[in-house]
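Single-structure report; data block below.
What follows draws every value from the coordinates through simple rules; no lab data is involved. None of the values given here were measured: they were computed from a predicted structure. Positions of Cβ are backbone-derived with ideal geometry, glycine not excepted, and every protein chain shown enters the neighbour counts.
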Amino acid sequence: MPQLDTLFRAMKEHGASDLHLVAGNPPIMRIDGELIRLNSPALTDANLRPLLQEITPPSMWTTYTESGDVDFGYELADIARFRANLFFQKDGAAGVFRLIPSKILSCADLGLPEEIGNLAYLRQGLVLVTGPTGSGKSTTLAAIIDEVNRNRSDNLITIEDPIEFVHRGIKALVSHREVGNHTQSFAAALRAVLREDPDIILVGEMRDLETIRLALEAAATGHLVFGTLHTLNSAKTVDRIIEVFPSREQAQIRSTLADALRAVIAQTLFKRVDQPGRVAGLELMMCTPAISNLIREGKTFQIPSALQTGKKDGMRTMDASIIQLLETGKIDPFDASDKMLNPELIAPYLARAGHR
């Protein structure tokens, strides 16, 4: 048994989301958003490298030693999958491992609004889940895809780097493709996917111009496409997609996006104060005709106002979500203050809690 499996099992037992193994430091776990140092000696480059190599596929180890970093997936039977990133730093080798639970939580389990679960039943278009690293994007997407898998007889193809949640076909036909293992890149997989008779495509990360272009084309030609972006809210998500294109193409892309986009879920995680764990604050933008017109006309700065007036369509702002979490006593106002678009709304909660 690989020696690191002991630490991976401990992650599961302690509810850790991440494990940091960095030469010059003891093992460190992230639990409920906080880094906790284990009571162990500091790792050295000499003793850490063999531990990392033991669980790394040989081809990935070669890539790591030649390029300086690599991503891959590691599975511990009956425990969980782990998304691994290995890199080098000043004191030597390092690795970060994100725990991907074996059990996929449903939208109801996660407490997501009904409108998010309903996105699984769209026939075509683009749905984006956005937020910073570690904000729960993959978990939310997995819940939506699980809804698809249980209720739709469709061909679902995922493209990820690496594969995270594994969906065993229930009603849907599910094919998982991993960048670097089953395909050269997101763009290469997207070019091929239209010849694979897909109904639904999941793009793990829309990280470059070609990937975004191909995902948009797939969504605009009758497929349902789910993807992620590292953007903080709906307006910035729309701007990010448009601005990645050359200026001469942006007017056309704005029109294509206005027609193809169906929803944007922007989320961030907060540490709970009422019980152990974390809870998501989320913004939800449904692409109504009014939102589509704002995108087409380049008036994304008006999207926050449109979200406030779009409650009847299931829309919500991040500010409203945070206020709801505060009202129910789930989060600390100080932790939430820098996530508010309108900081004045949180002032009464800060004063009540004695923060300055």
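Here are the numbers for this structure:
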{"quantity": "Per-residue ³J(HN,Hα) for segment 312-318, Karplus 6.51 cos²θ - 1.76 cosθ + 1.60, θ = phi - 60°, Hz, x for Gly and Pro", "calculated": "5, 9, x, 7, 8, 8, 4"}
{"quantity": "Within the chain, helix-based [θ] at 222 nm, where runs of 4 or more DSSP H residues each add -39,500 (n - 2.57), nearest 500", "calculated": "-10000 deg cm²/dmol"}
{"quantity": "Segment 110-232 - charge dipole about Cα centre, Lys and Arg +1 at Cβ, Asp and Glu -1, debye rounded to 20", "calculated": "140 debye"}
{"quantity": "Residue range of the chain that is longest and free of GluC sites (Glu not before Pro) which are both DSSP loop and sparsely packed (at most 15 other C-beta within 10 Å)", "calculated": "1-195"}
{"quantity": "Candidates GLY111, GLY310, GLY134: whichever shows maximal mean-square fluctuation once the chain is modelled as a Gaussian network with Cα springs under 10 Å", "calculated": "GLY111"}
{"quantity": "Under-19-angstrom lysine pairs by C-alpha in the chain, whenever the two are 8 or more apart or on separate chains", "calculated": "12"}
{"quantity": "Theoretical gain in end-to-end length, ASN85 to GLU54 [0.36 nm per residue, Cα-Cα removed]", "calculated": "9.7 nm"}
{"quantity": "Calculated SAXS-style log₁₀ I(q)/I(0) at q = 0.07, 0.13 Å⁻¹ - the chain, Debye, Cα scatterers", "calculated": "-0.32, -1.12"}
{"quantity": "Spin-label zone in segment 215-243 - amide nitrogen under 16 Å from a point set 7 Å from the Cα of ASN155 along the C-beta vector", "calculated": "218-219, 221-225"}
{"quantity": "Rough spin-label spacing in nm, given labels placed 7 Å along Cα→Cβ, for GLU34 and GLN3", "calculated": "3.0 nm"}
{"quantity": "Where only alpha carbons of segment 4-101 are counted, the Rg and the Dmax (Å)", "calculated": "12.7, 36"}
{"quantity": "Two-site FRET efficiency, GLU196 against THR44, from Cβ-Cβ distance with R₀ of 56 Å, rounded to 0.05", "calculated": "0.75"}
{"quantity": "Beta bridge orientation in segment 114-316: antiparallel %, DSSP, nearest 5", "calculated": "30 percent"}
{"quantity": "Dipole magnitude (debye, nearest 20) for the chain, charges at Cβ of Lys, Arg, Asp, Glu", "calculated": "520 debye"}
{"quantity": "Most mobile listed residue (ALA120, ALA290, ALA235) in the chain, GNM with C-alpha springs under 10 Å", "calculated": "ALA290"}
{"quantity": "Charge-dipole axis of segment 4-101 as Lys and Arg at +1 and Asp and Glu at -1 on Cβ define it, positive-most pick from VAL70, THR44, GLY33", "calculated": "GLY33"}
{"quantity": "Rough spin-label spacing in nm, given labels placed 7 Å along Cα→Cβ, for SER67 and TYR121", "calculated": "4.2 nm"}
{"quantity": "Zone residues, segment 104-119, relative to THR288, backbone N less than 16 Å from point 7 Å out along Cα-to-Cβ", "calculated": "115-116"}
{"quantity": "DSSP-defined beta bridges in the chain - what % are antiparallel, rounded to 5", "calculated": "60 percent"}
{"quantity": "For peptides 258-265, 302-309, sequence by mean Cβ density within 10 Å, most packed first", "calculated": "258-265, 302-309"}
{"quantity": "Rough spin-label spacing in nm, given labels placed 7 Å along Cα→Cβ, for SER102 and GLN275", "calculated": "2.3 nm"}
{"quantity": "11 Å beta-carbon shell around GLY15, net charge (K/R +1, D/E -1)", "calculated": "+1"}
